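Below you'll find the structure, written out as structure tokens, and then a few comments.
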Amino acid sequence: MAASTKELSEQTIAVVKSTAPVLEQNGELLTRHFYQRMFRENPEVKAFFNPAHQAGGTQQRALAGAICAFAANVDNLEVLGAAVEGIAQKHAGLRILPEHYPIVGSNLLASIREVLGEAATPEIIDAWAEAYGFLADILIGREREIYHTQEASPHGWSGFKPFRVTDKVRESSVITSFYLKPVDGGKVPPHKPGQYLTVRVPEQAAGTTMRNYSISSAPRGDCLRISVKKEPQGTVSGYLHALDPGAEIEVGPPCGDFFLDPTEHHERPLVLLSAGVGITPMLAILEVALEAHPERKVILIHGALNGKTHAFGSWVSGLARTHQNLTVHFRYSEPDAEDIRSGICHSRGFIDAELIESLVPAKDCDYYFCGPKPFMGGIYRHLLEWGIPASQVHFEFFGPREALSTAS
Ligand SMILES: Cc1cc2nc3c(=O)[nH]c(=O)nc-3n(C[C@H](O)[C@H](O)[C@H](O)COP(=O)(O)OP(=O)(O)OC[C@H]3O[C@@H](n4cnc5c(N)ncnc54)[C@H](O)[C@@H]3O)c2cc1C
Ligand code: HEM
């Protein structure tokens, strides 16, 4: 975790720890109240937030979870290091700045006061104000570093930059790829395979709205590719799918803490597990892994509904034909007759522990996974049961992070 300039007082630690259970009990109520309050009092920050994440309660759960984890570990903040990195990366993608922190802080404290009522004594509010400031400093510090790195990297930028859609390729009945090049004609910085971009597009109610999209190709120098599933009534996916080549969109620099570091742990096999559009970060990881370590065993297991919705099937199959070290398995939940006849569907059903066990040479592998929440929850449970150390388990959520124990 990034170092903070100040220390929390013992008094504050004691009060925060003692109020943690009350906040945990009221966590979602509190964060729901908080968002409503903040959007009413400070509508200027509304455009940062995804309304679908609010409506589904996932963002409330993510923030409540972060606050509770912070309160429970306030005397041992080292354990929060990974969580802080994920939040800072998410904030940096959206270009959250230090001046936004007092807005969140004042609304959060007011909500604690309003939700807890008389139980929120001045002593408790003061302690939480200090604790919030402490956590805010840690996040602001890490976000400052990320912005600095983005600007300093070759061809890097910070904030949003105009990009042109130079090509649009249909990958399946629901997924389309967009090739993006800077409008200024410059190059793009090398991203870490697995990272995402933030796309900002016009939106009626809030003026603009932003979404993350994983970069679905290895670093190429001159262009970035995203592959987007068209969601029913989806604001940004619908907007992107309607664009023609030549259109401009605003793009933030690559961010995210889910990536493959090709210099690490390459002695162990690499297992990539995805379902649906969750294949996108795996494509970049796969390309880089095969290039960096031709001898490393790589197993990619992907689940799709059927051949029509399955994107990148023939590209991945082509890689398997030219790379002896790559094993690929496609499992469809509802294959049609053509999927079976052509052999693209290797098995029928959902990805489960039995399938993974049958394909990995031994369980001691590095695992990367991404897909719908029930899929992720199931995989996570299997890996826990197999005793795979946390350092070998990596996953990406296509929405606010949630506890995977509840996702299944
Ligand atoms: C790190 C990360 C990487 C990602 N990578 C990819 C990727 O590579 N490819 C990809 O396709 N997606 C990816 N996503 C998901 C992506 O960011 C978007 O969430 C997705 O495209 C849907 O956005 P949208 O604007 O089209 O839909 P939204 O408008 O956000 O709506 C999503 C769904 O919620 C419903 N909805 C919207 N508003 C409400 C409301 N108020 N009440 C109830 N329901 C509502 C909509 O009908 C729709 O079905 C990624 C997400 C993250 C966090
Ligand atoms: C100490 C202060 C803060 C904490 C603990 C915190 C915590 C979090 C957490 C846990 C997430 C979810 C991360 C993920 O799912 O990957 C998140 C996302 C987010 N945060 Fe913060 N945050 C803080 C401050 C702020 C501030 C100051 C802003 C600015 C307005 C902000 C805006 C956002 C936005 C826009 C998202 C994404 C929401 C979405 O997907 O709709 N946060 N934050």
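Computed from the coordinates by the stated procedures, all read-outs in this text should not be read as laboratory data. Values in this document were obtained by computation on a predicted structure and should not be read as measured data. Heads up, the Cβs are rebuilt from the backbone with ideal geometry, glycines too, and the neighbour counts pull from every protein chain shown.
State which entries of 181/230; 192/373; 187/373 exceed 27 angstrom in Cα-Cα distance in the structure shown.
Violating the 27 Å limit, Cα to Cα: 187/373.
Does anyone have the angle between helix 81-94 and the longest principal axis of the chain? Alpha-carbon axes, 0 to 90°, nearest 10?
The angle comes out at about 80 degrees.
How far, in degrees from 0 to 90, does helix 27-41 lean away from the longest principal axis of the Cα atoms of the chain, to the nearest 10?
80
So the label point goes 7 Å from the Cα of residue 354 along Cα→C-beta, right? Which residues of segment 285-320 then have their backbone N under 17 Å from it?
Under 17 Å, as judged by backbone N against the label point of residue 354, lies no residue of segment 285-320.
Can you list the aspartates and glutamates whose alpha carbon is less than 15 Å from that of residue 90, not counting same-chain residues fewer than 8 positions off?
Filter leaves 143, 145, 257, 396, 402.
Starting from the coordinates of the alpha-carbon atoms of segment 140-197, obtain the Kirkwood hydrodynamic radius over all distinct pairs and give the value in Å to one decimal.
Across segment 140-197, the inverse of the average 1/r is 13.4 Å.
Compare 205, 292, 136 in a GNM of the chain, Cα atoms joined below 10 Å, and give the one with the largest fluctuation.
205
Answer rounded, prolate or oblate for segment 10-152, using the Cα gyration tensor with square roots of eigenvalues a ≥ b ≥ c: rounded when a/c is under 1.5, else prolate when a/b is larger than b/c, else oblate.
oblate
Please report 345, 223 as a ranked list, fewest other C-beta atoms within 10 angstrom at the top and most at the bottom.
Listed from fewest to most nearby Cβ atoms, that is 223, 345.
To test your reading of the geometry: what angle, between 0 and 90 degrees and rounded to tens, separates the Cα axis of helix 10-25 from the longest principal axis of the chain?
60
Working out 0.36 nm times the residue gap between residue 9 and residue 208, then minus their Cα-Cα distance, what length gain in nm do you get to one decimal? The partial results should precede the final answer.
Values: separation 199, 0.36 × 199 = 71.64 nm, distance 4.10 nm.
So the chain would gain 67.5 nm between residue 9 and residue 208.
Please give the direction-averaged projected area of the C-alpha convex hull for the chain, in square nanometres with one decimal. Numbers along the way, then the final one.
Values: hull surface 81.7 nm².
So the mean shadow area of the Cα hull is 20.4 nm².
For 118, 44, which order do you get if you count the other beta carbons within 10 Å of each Cβ and list the fewest first?
Working: 118 6, 44 12.
The most exposed by this proxy come first: 118, 44.
Around residue 92, under 10 Å between beta carbons, what's the net of Lys plus Arg minus Asp minus Glu among the other residues?
+2
Taking neighbour counts of Cβ atoms within 10 Å as a proxy for exposure, in what order, fewest first, do 100, 148, 310 appear?
Exposure proxy ranking, most exposed first: 148, 100, 310.
Once you put a point 7 Å from the Cα of residue 17 and another 7 Å from the Cα of residue 266, both along the Cβ direction, what distance in nm separates them?
4.5
Within the set of other residues whose C-beta is less than 15 Å from the C-beta of residue 123, count the net charge using Lys and Arg as +1 and Asp and Glu as -1.
Every neighbour counted, the sum reads -2.
Obtain the radius of gyration and the Kirkwood radius of segment 270-407 from its C-alpha atoms and give Rg over Rh.
A ratio of 0.94.
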